[in-house]
Structures are given as C-alpha cells and as structure tokens.
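Asks: Here it is, the structure, as structure tokens.
The values are calculated or read from the model by the stated rules, or taken from the named source; none is laboratory data. Keep in mind that this is a model prediction, so the values were computed, not measured. All Cβ positions, even for glycine, are placed from backbone atoms using ideal geometry, and neighbour counts span all protein chains on display. To get the accessible areas, we keep the full protein, side chains included, count just its heavy atoms, and leave off ligands, DNA and RNA. Shrake-Rupley method; radii C 1.70, N 1.55, O 1.52, S 1.80 Å.
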Amino acid sequence: MTRLGDHIATGVLILLLLAAWEFAGQLKLVADGTLPPLSAILLRLAAEWREYWPHVGATLYTASLGFLIGNTVALTAAVSFCLWPVTERIFRGVNIAAFTVPPIAIAPVLVIALDGETARITLAALLVYFPTMTAAMAGLRSADPRAVDLIRAYGGGPLRTLWLLRLRAALPAILSGFQVAAPAAVLGAVLAEFGSGARWGLGTFLLGSLGRAEPDRLWGIGLTATAIAGLGYALSATLAARTTSLNRAVNIGIAGPEPDTASEAPVRRALLLAAAILMPLLIWQAMLLWADLSPIIAKTPMGVIDYLITGKTASSAQTRLLAALAETVPITIAGMLLGLGFAFALALLSFAAPLLMRALLPFALVTQTMPLVALTPLAVLIFGRGITVTLVITISVTFFAAFVVLAQGFAMIPKAAFDLVDAYGASTLRKLRLIAIPASRQWLFVAARLALPKALLGVMIAEWLATGKGLGNLLNQSRGYLDYGMIWAVAVVSILLSVLLYQLTPVLEWVGRSDRRSK
Amino acid sequence: MPLMTNRRRFLQLMGTGAAAGAMPGFVSRALAATPLTMQAAWINDAEFAGYFAAIDDGFYKNEGLDLTYLSGGPDVIPESSIIAGKADLALTTPDTTIKTIVDQGAPFKIIGAQYQKNPIGIVSLAKTPINSPEELKGKTLAVPPVNVISVEALLAINGIDRSEVNIVPYAYDPTPLIKGEIDASLDFTTNVPFTIEQSGEKAVSFLLYDFGYKTYNDTVVVTEEVLKTKRAELVAWLKASRAGWNANFADTASYPPKFASTWFAGTGRTIENEVFFNGAQKPLMEHSGGIFTMDAEGIAANIETLGRIGIKATPDMFDTSLLEEIKG
C-alpha cells in the first residue's frame with residue numbers, strides 16, 4: 001500500500017471510532033449517559049473557548065517550564081553518567097526515587113514545603129526527568145561499538161566520542177523519551193494545579209467544574225489537556241521518526257552492555273551502594289534545611305524514623321500503615337502484571353497492524369492526559385468500587401510508557417534483519433515470532449522499569465477516588481487529621497515500595513535469560 | 001517570588017492581564033498600609049464572598065491593611081500556611097485545628113468563627129430521601145476522605161455502628177449521586193443541592209450540626225506568635241471582614257455577579273450557583289453578636305462535640321478578646 005493509502009486508511013479508522021463514540025453518547029449507551037457524545041463536548045468547548053484560554057496559558061506555562069527544566073537536568077545527568085559512570089552509581093538512588101515517587105503522594109508534600117508556583121513546576125519537572133534520562137542513557141550506550149573503537153583508534157577521548165558519535169546515536173532515543181515526557185509534563189502541571197490552590201490552569205478549572213455534574217465540560221477540559229500533550233507528543237514523534245529512519249541505515253542498534261561491575265573491589269562496590277542509598281536522604285535533608293520550615297510540618301529523614309519507629313506515635317502509625325499496605329500491595333502486583341501485558345499486546349498490535357495502531361494511538365493518549373478524577377463517575381458507574389475499577393485504573397496508568405518503549409523497540413529493529421525471512425515470504429505473525437519478539441526482549445525490560453513503579457500510583461489513585469481503601473485513602477485521611485508525620489511517611493513508604501517493584505525488573509530479566517538458555 | 005512575577009507577565013502577554021490585574025491583593029499595594037496575608041480553605045466561591053466584598057469595597061484599606069488573599073485547594077492544608085509563615089491567618093475546620101493543638105502541640109489560637117453552624121451535611125435525592133443519621137443504615141455514603149472523621153463522629157453521637165454504613169470516597173463530582181450509584185454524599189449543603197436541581201432532580205439534606213455534631217467551620221486561626229506581634233492588624237482584619245460580610249448579606253444576590261469577571265472568573269462554576277450558595281449560607285453565619293462571634297455556648301458545644309470523638313478541646317484554645325475589641 002502507498003503512504004498516502006496508509007494515511008487514508010488510518011483516517012477512516014479514526015473516523016469510525018469517533019462515530020462509534022458519538023453513537024454511544026447520543027443513545028446514552030455508556031453508564032446512563034455519563035459518556036457524552038463527542039459533538040456535545042466539542043460544541044460546548046467551542047461555546048466556552050473564551051473561558052478556556054487563560055487556563056490553557058497557565059497550564060502551558062507550567063508544563064513547558066517543567067518540560068524545559070526536567071529535560072535540561074535529565075540530559076545533563078545522562079551525559080555526566082555516560083562520561084563518568086561512577087556518578088551514575090552514586091545517583092542511582094536519586095534516579096530511582098525521582099522516577100518511582102507517586103505524584104499524588106508527593107504533591108501534598110511539595111505544596112507544604114514550597115510556594116504554589118514552585119511546587120507546580122517542580123512536579124511537572126519531576127515527572128519529565130526520568131523518562132528522558134533513561135532514554136538518553138540507553139541511546140548514548142547504543143552507539144555502534146565499532147565506531148567507538150574507530151574514534152579511539154584515531155586518538156579520540158570520551159568527550160570526542162560523545163560529540164561525534166554518542167549524542168548523534170542517542171538522538172532517536174532521546175526523542176522517544178520526549179514522547180513520554182511531554183504528556184507527563186502536562187499531566188504533572190494539571191495535577192499540581194488541581195491540588196495547590198492555583199488561581200489559573202486547566203487543573204483549577206477542572207476542580208471548580210467537577211461540582212457541576214456536567215460530563216461534557218469535564219471532557220472538554222480533559223481533551224484540551226490531551227491536545228496540549230498530543231502536540232508535544234506529535235512534535236517529538238515526528239522528529240523521532242525522521243532521525244530513526246536516518247539512523248537505521250547506518251546503525252546496527254544493539255545497545256552496548258552496562259558497565260561491568262563484577263570485577264570491582266568489594267569495598268568500592270559497597271561504598272558506591274551506600275552512597276546511592278544515602279544520596280536521596282541527603283538531598284531531602286538539604287532541601288528542608290534550605291526551605292527552613294517548622295518541624296511540625298516538614299519531616300526530615302530522622303523525623304520520619306521517629307514518627308514511624310522510635311517515637312510515641314510509632315505503634316499507632318505502624319498499625320495503620322501496615323493495614324493500608326496489606327490492602328494495597330497485592331492488588332498493585334496484579335495491576336502491574338496486567339499493565340505490562342497490555343502494553344506488550346498493544347506493541348505487538350502496532351507491529352502486526354500498524355494502521356489500526358495508528359488509529360488507536362490518539363485514544364491511548366487520551367487515557368494518559370485525561371485527568372482520572374474527571375473520569376471517576378464514569379469509572380465507578382461502569383466498574384463499581386471494587387477490585388475491577390482498581391485494576392482498570394492501574395492498567396490505564398501503567399501501560400503507556402511501556403508501550404512507547406516497546407513500539408520504539410520494534411521500530412528500531414534493523415530492516416536488514418527482516419530481509420531473509422521476507423525473501424522466504426514469511427507472514428507478519430512469523431516475523432513477529434522469529435525476529436520481533438526475540439529482539440524486543442531487551443526493550444521489554446526497559447519497558448518494565450517504566451511500568452512497574454507506576455502500578456502503585458494507579459492503585460493509590462483508585463483508592464483515593466473510588467474504593468476508599470489502602471495507602472491512597474490513608475494519605476487523604478491523614479490530611480484531614482493534619483497528621484503530617486503520616487503524610488511524609490506515606491510519601492516515603494510509597495517511594496520505597498515503588499523502588500522495590502523497580503528492583504523486580506532485574507529478577508524478571510534473570511528469569512527471561514534462564515528461559516532462553518533452556519531452549 | 002520571581003517566578004510569580006514572570007508568570008503574571010506571561011499571562012499578561014497571553015492577554016489575560018485583566019484577570020491578573022483583578023487580584024487587588026497582589027497588584028495594587030498602598031504604600032502606607034500594613035501587609036497581611038490570609039489563607040482561604042478552598043478555591044474562590046461564595047464561601048469567601050465577604051472577603052472579596054471587603055477587598056473590592058476598600059474595607060481592609062480603610063483599616064490600614066494591605067491584604068493578600070491566597071486561594072485554597074485539595075492539597076492545601078490551611079494550617080500549614082500559617083505554620084510555614086506563608087500566611088498570617090487561615091480559615092480552617094476546627095476539628096483538625098484542635099486535634100493538631102492537642103496531638104502535636106501546634107501553637108494555634110482560634111480568634112473567630114465564620115460559620116456558627118458547620119454547613120456540611122448529608123445530601124440525598126428527594127425520590128430516595130435520607131432525613132436522619134438513622135436512615136443511613138445499610139446505605140452507601142460518599143464522603144471526602146478528609147471528612148470521614150466528622151461522619152464517624154456523627155454516627156457515634158447517634159449510636160450507629162460504623163460498619164452499618166458503607167462509606168466510599170467522594171471525588172467532588174455529584175454525578176454518582178444523581179445516577180443512584182451512591183445513596184447520599186457528604187458535602188456543603190449550601191452548594192451541592194443547586195447542582196442536583198440543575199440536573200432535574202430534587203435534593204434533600206440535613207446538617208450534621210442538627211444531629212449533634214455542633215461545630216463551627218472556617219474558624220479563623222493564627223499562631224500565638226502572630227497573635228502577639230500582629231494583634232492590631234488581626235483586629236482590623238476582623239472588623240473589615242465583618243463589614244464585608246454585612247455588605248454581602250444585605251442582598252445575597254448582589255455581590256456574586258459583581259465578581260463574575262474578577263474573583264469568580266474562570267473558576268468553572270456558575271454565578272447562579274454562587275448566588276444560591278450565598279443565600280443558603282447566610283443563616284449559618286449570622287449571629288446577634290455579629291459575624292465571627294464565638295459565644296460561651298457555642299464554644300462549649302464545640303468542646304463537647306469534639307470530646308465525643310476523643311479530641312480534648314479546652315476553652316483557652318478560643319481567644320475571644322479580639323472580637324471584644326470590635327464590638328458595637
């Protein structure tokens with residue numbers, strides 16, 4: 001099929017899906033009319049656009065500043081980590097914490113510790129940092145080792161390799177990181193506006209509009225946020241597509257191995273590990289010193305330990321926290337497996353049926369930027385307030401980043417790899433089985449790292465909005481009791497739990513390898 | 001602070017200068033006036049109409065105050081703002097404030113009460129009405145997580161076992177109530193019945209206050225430090241704010257439309273809703289001694305109510321001496 005033909009087919013598919021939405025809305029098929037028809041949403045948006053754009057301006061401002069700051073930090077960090085691998089080891093704890101922190105757990109802490117505007121930009125930047133940093137790292141390491149050897153042979157040092165080779169090789173990966181980072185920045189901005197008492201912003205507009213019980217307004221706000229995020233995504237995706245097609249011809253595209261640490265002196269390893277663990281605590285302590293806040297509201301690491309373990313509050317706090325964890329942890333594990341599975345299925349679909357996937361993509365993006373709080377009535381009316389709604393919300397929160405990485409992974413498979421099977425007239429399914437799935441293995445672990453810690457966020461959101469159980473509910477009730485110790489404790493415990501989930505990836509990787517060996 | 005300036009400039013570039021300029025607390029600073037900052041409990045709505053009226057009509061300025069008004073939101077804990085020194089006074093819920101004084105030794109004083117009767121209540125549809133705590137048995141009630149403490153108190157006071165009511169989170173949107181997914185929700189009775197009637201249903205509600213949960217709401221709270229150093233300013237604030245509320249209540253339909261392009265611009269809510277809110281809150285706020293009055297009977301009722309849920313309030317947490325100064 002021609003390129004033009006492809007575009008037409010994708011367009012027709014999208015139109016069909018939109019028509020189905022309109023039909024379902026008009027006939028009130030979904031949750032007694034809680035899903036409004038698309039036309040109602042768009043007409044209302046058109047009628048109210050004057051009300052929207054100060055909010056759009058404020059959200060764009062917060063999201064772009066967050067995007068800029070988050071990416072600057074991320075790229076600087078990735079380059080430093082690449083030039084001086086030891087820094088990567090020292091900052092590993094900070095990186096993992098920055099990534100795994102559930103935004104809804106950290107937002108109240110940020111609002112307590114910083115002024116509103118700074119808190120909002122910080123949250124957006126925080127959500128941007130990790131996707132770009134990891135993507136850039138993977139890209140910088142993916143440079144063709146033969147070319148690295150060549151530059152070395154001609155006397156080029158690490159800086160020259162970086163400039164001549166690694167940065168260029170990393171460009172597609174960095175841009176794929178931006179694809180995740182752009183919607184994340186918008187989501188972070190909207191979430192922070194929602195909570196922080198901002199006067200303007202789509203999050204503020206959403207909060208005020210929630211009480212009206214008018215789904216078309218809520219969808220209008222959500223779709224506006226989606227449009228902004230989509231713009232960022234589309235820009236990065238277009239750039240990525242260009243550079244990928246340029247690169248594919250010259251780049252074998254096999255990621256270089258992570259620096260080997262097995263031969264290292266045990267003392268050095270232990271010191272680096274200790275540094276990695278202490279670094280986040282040092283930064284936490286330093287930030288509080290700098291912010292100069294009352295110990296009642298701002299808990300230091302020692303303050304949290306006192307609250308949870310040594311102080312007079314310990315036994316009550318532990319009881320409540322453990323009860324909440326017992327409700328939250330099992331469903332988080334189930335949700336994360338389902339989310340990853342869903343991402344893999346979508347990525348396979350994008351390989352086997354790229355047309356259909358391209359048509360589905362805009363709808364997938366909506367799930368990332370449509371604030372879940374606006375969809376709560378729809379979710380509880382369809383899925384109730386039990387395990388189902390929690391799993392659905394968790395999948396919707398986890399799958400997207402993993403999907404983008406996997407789809408990018410499939411796209412990075414060199415065309416040459418397919419030439420042989422193509423020559424034998426292999427079907428798409430056969431190509432999947434013989435080449436794409438085995439080749440995607442390394443990407444699956446990158447994807448898992450992005451998806452796993454997000455599962456906890458999904459579960460906490462569901463608990464906060466729909467089920468009223470577990471850690472998400474404990475966090476909100478603690479706000480009602482002004483239980484600052486618990487607010488900080490939940491933030492810390494949710495980060496630790498996410499780190500734990502993140503550490504599951506190497507286990508999965510190991511299982512994956514032994515699986516391959518046994519064949 | 002530089003960030004805020006930048007953002008305002010940015011918004012002005014985007015053409016919303018009018019909106020930003022309409023926040024007098026931020027922009028128009030009289031040189032002679034003493035700065036004072038208040039932290040509200042929620043986003044801009046009729047709950048704070050009296051303060052907006054007092055700002056717009058120059059009541060704070062006349063008292064020598066340059067008031068900065070900070071809006072609230074779900075993640076903003078008003079008490080945090082005064083502990084952190086971001087604000088001099090905050091509007092709070094008395095149960096959380098007093099619990100923090102008791103449990104954590106927070107240095108707070110309550111110097112006034114905006115609502116004599118807490119406006120939170122149980123709202124249900126008229127076709128399936130719930131008119132008393134007793135009728136909540138076996139029903140699903142949506143409650144914002146921060147208010148679960150109040151509902152548990154209501155149930156305890158009325159001798160109902162907590163396990164007999166299915167409490168689920170309330171996520172600000174009344175749609176599940178209108179669609180019958182839940183039987184009732186806890187909300188400001190001054191607010192949500194309007195939305196329900198807009199959707200073509202009829203709403204019924206009862207106040208927690210009327211079934212034994214006799215607390216104030218939007219209590220005016222300061223730290224002991226601010227009470228010591230800014231006493232004159234706080235008295236001036238009470239005086240100007242009372243004047244603002246009196247002006248606003250002279251005709252509850254008159255002020256909200258005036259704020260349509262300023263305080264209420266872009267909040268996502270309707271002016272009709274604010275007018276309804278303003279009318280409904282008037283009887284909950286008025287007192288023969290004037291707005292913010294805390295009389296002995298009211299303080300005793302708060303202490304008794306909180307005592308029933310294990311929060312040991314004492315009369316010295318309420319400081320009525322500032323209100324004494326603005327009598328008459």
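Asks: Could you give the radius of gyration (one decimal) and Dmax (whole number) of the Cα atoms in segment A:117-234, in Å?
Replies: 20.3, 69
Asks: Under the Karplus relation 6.51 cos²θ - 1.76 cosθ + 1.60, θ = phi - 60°, what is the ordered set of whole-Hz ³J(HN,Hα) values for segment B:108-119, x standing for Gly and Pro?
Replies: 9, 10, 9, 10, x, 9, 5, 9, 5, 10, 4, x
Asks: Compute from the Cα atoms of the protein assembly as shown the Rg and the Dmax, the latter being the longest Cα-Cα distance, and quote both in angstrom.
Replies: Over the protein assembly as shown's Cα set, Rg and Dmax evaluate to 28.3, 98 Å.
Asks: Enter the accessible area per residue of segment B:120-211 (Å², integer; probe 1.4 Å; all protein chains in place).
Replies: Working: 3210 Å² over 92 residues.
Computed with neighbouring chains in place, this is 35 Å² per residue.
Asks: Still on this structure, I have one more. Read phi for every residue in segment A:445-453 and hand back ³J(HN,Hα) as whole Hz from Karplus 6.51 cos²θ - 1.76 cosθ + 1.60, θ = phi - 60°, with x for Gly and Pro.
Replies: Couplings: 6, 4, 4, 4, 4, 6, 7, 4, x Hz.
Asks: Using modelled amide H (1.01 Å from N, peptide plane; none on Pro or chain starts), what sits under 5 Å from the amide H of B:Thr68, excluding residues fewer than 5 places away?
Replies: Hits under the 5 Å cutoff: B:Leu36, B:Thr37, B:Met38.
Asks: A further question on this structure: Can you give the charge dipole size of segment A:57-171 about its Cα centre, rounded to the nearest 20 debye, using +1 on the beta carbon of Lys and Arg and -1 on the beta carbon of Asp and Glu? The partial results should precede the final answer.
Replies: Details: 9 positive and 5 negative charges, 92 e Å.
Using Cβ point charges on Lys, Arg, Asp and Glu, segment A:57-171 gives about 440 debye.
Asks: I would also like to ask the following. Which residues of segment B:69-117 end up with at least 50 Å² less accessible area in the presence of all protein chains than when their chain stands alone, using a 1.4 Å probe?
Replies: B:Pro74, B:Asp75, B:Ile77, B:Ile83, B:Lys86, B:Gln104
Asks: Taking θ as phi - 60°, what are the ³J(HN,Hα) couplings along segment A:222-230 by the Karplus curve (6.51, -1.76, 1.60), each to the nearest whole Hz, with x for Gly and Pro?
Replies: My calculation for segment A:222-230 gives x, 5, 5, 4, 4, 4, 5, 4, x Hz in order.
Asks: If you don't mind, another one. Would you please name the GluC sites (Glu not before Pro) within segment A:1-69 that are DSSP coil residues with at most 16 other C-beta atoms within 10 Å of their C-beta?
Replies: Working: sites: A:Glu22, A:Glu48, A:Glu51; in loops: A:Glu48.
Hits after loop and neighbour filter: A:Glu48.
Asks: Using a 10 Å cut-off around each Cβ of peptide A:475-488, what is the average number of partner chain Cβ atoms that fall inside? Walk me through the numbers on the way to the answer.
Replies: On the way: counts 1, 6, 6, 2, 9, 12, 9, 18, 5, 7, 2, 0, 2, 0.
Mean shielding count: 6.
Asks: Now for a separate question. Longer than 21 Å from Cα to Cα, which of B:Lys109/B:Lys312; A:Lys312/B:Lys99; B:Lys86/B:Lys228; B:Lys61/B:Lys258; B:Lys99/B:Lys139 are they? Say none if no pair is. Don't jump to the answer; show the numbers that get you there.
Replies: Working: B:Lys109/B:Lys312 15 Å; A:Lys312/B:Lys99 16 Å; B:Lys86/B:Lys228 17 Å; B:Lys61/B:Lys258 19 Å; B:Lys99/B:Lys139 29 Å.
Over 21 Å Cα-Cα: B:Lys99/B:Lys139.
Asks: Computed FRET efficiency, Cβ-Cβ of A:Thr367 and A:Phe445, R0 25 Å: what is it to the nearest 0.05? Could you put the intermediate results ahead of the total?
Replies: On the way: r = 24 Å, r/R0 = 0.94.
The computed FRET efficiency comes out at 0.60.
Asks: Next up: What part of the accessible area of chain B, given as a whole %, is carbon or sulfur when the probe is 1.4 angstrom? List each step's numbers first, then the result.
Replies: On the way: 6340 of 12030 Å².
Exposed carbon and sulfur together represent 53 percent of the surface.
Asks: Interface size between chain A and chain B, please: total buried accessible area, 1.4 Å probe, rounded to the nearest 100 Å².
Replies: Values: alone 25150 and 14720 Å², together 34600 Å².
Counting protein atoms only, the buried area is about 5300 Å².
Asks: Next question. Please identify every one of the trypsin sites (Lys or Arg not before Pro) in segment B:222-328 that sits in a loop by DSSP and has no more than 13 other beta carbons within 10 Å of its own beta carbon. Spell out each step's value before the answer.
Replies: On the way: sites: B:Lys228, B:Lys230, B:Arg231, B:Lys239, B:Arg242, B:Lys258, B:Arg269, B:Arg308, B:Lys312, B:Lys327; in loops: B:Lys230, B:Arg269, B:Lys312, B:Lys327.
Hits after loop and neighbour filter: B:Lys312, B:Lys327.
Asks: Oh, and also: Can you list, largest first and rounded to whole Å, the semi-axes you get for segment A:34-292 by taking the square root of 5 times each eigenvalue of its Cα gyration tensor? Display every interim value, and only then the final one.
Replies: On the way: eigenvalues 310, 125, 32 Å².
Its equivalent ellipsoid spans semi-axes of 39, 25, 13 Å.
Asks: Moving on. Over 22 Å, how big is the tail of the calculated P(r) for segment A:367-467, in percent of all Cα pairs?
Replies: 47
Asks: Okay, moving on. Mind checking A:212-218 for the average number of partner chain beta-carbons within 10 Å of each residue's beta-carbon? Don't skip to the end; give the middle numbers.
Replies: Numbers: counts 11, 13, 6, 2, 0, 1, 3.
Mean number of neighbouring Cβ atoms from other chains: 5.
Asks: Expressed as a rounded percentage, what relative contact order does segment A:1-114 have, with Cα pairs under 8 Å and six or more residues apart? Provide the component values of the computation, followed by the final result.
Replies: Values: 28 pairs, mean separation 10.8, N = 114.
Relative contact order here is 9 percent.
Asks: Within 10 Å of each Cβ in peptide A:398-410, how many partner chain Cβ atoms are there on average? Round it to a whole number, please.
Replies: Numbers: counts 0, 0, 0, 0, 0, 0, 0, 0, 0, 0, 0, 0, 0.
Taking the mean over all residues of the peptide, I get 0.
Asks: With every protein chain kept in place and ligands, DNA and RNA left out, what is the accessible area per residue of segment A:34-292? Probe 1.4 Å, answer in Å².
Replies: On a per-residue basis, segment A:34-292 sits at 42 Å².
Asks: Using Cα pairs closer than 8 Å and at least 6 residues apart in sequence, work out the relative contact order for segment A:294-519, in percent. It would help to have the intermediate numbers written out before the result.
Replies: Details: 237 pairs, mean separation 67.7, N = 226.
Relative contact order for segment A:294-519 comes out at 30 percent.
Asks: Moving to a separate point now. Among the chymotrypsin sites (Phe, Trp or Tyr not before Pro) in segment A:88-179, which ones are in a DSSP loop with at most 10 other Cβ atoms within 10 Å of the Cβ? Mind listing them?
Replies: A:Tyr154
Asks: I've got another one for you. Which percent of Cα-Cα pairs in segment A:275-425 sits in each 5 Å bin, short to long?
Replies: Computed distribution, short to long bins: 2, 7, 10, 11, 11, 11, 13, 12, 9, 6, 4, 2, 1, 1, 0.
Asks: Explain nothing, just the number: dipole magnitude of the protein assembly as shown about its Cα centre with +1 on each Lys and Arg Cβ and -1 on each Asp and Glu Cβ, in debye rounded to the nearest 20.
Replies: On the way: 65 positive and 63 negative charges, 728 e Å.
Computed charge dipole of the protein assembly as shown: roughly 3500 debye.
Asks: Can you pull the semi-axes for chain B, root of five times each eigenvalue of the Cα gyration tensor, sorted largest first, whole Å?
Replies: Values: eigenvalues 208, 126, 64 Å².
One finds semi-axes of 32, 25, 18 Å for chain B.
Asks: Relative contact order for chain A using alpha-carbon pairs under 8 Å, separation at least 6, rounded to a whole percent? Could the numbers behind the result be given before it?
Replies: Working: 701 pairs, mean separation 99.5, N = 519.
Reported relative contact order: 19 percent.
Asks: Next question. Counting heavy atoms of the protein chains only and a 1.4 Å probe, report the per residue accessible area for segment A:294-519 as a whole number of Å².
Replies: Working: 9300 Å² over 226 residues.
Per residue, segment A:294-519 has an accessible area of 41 Å².
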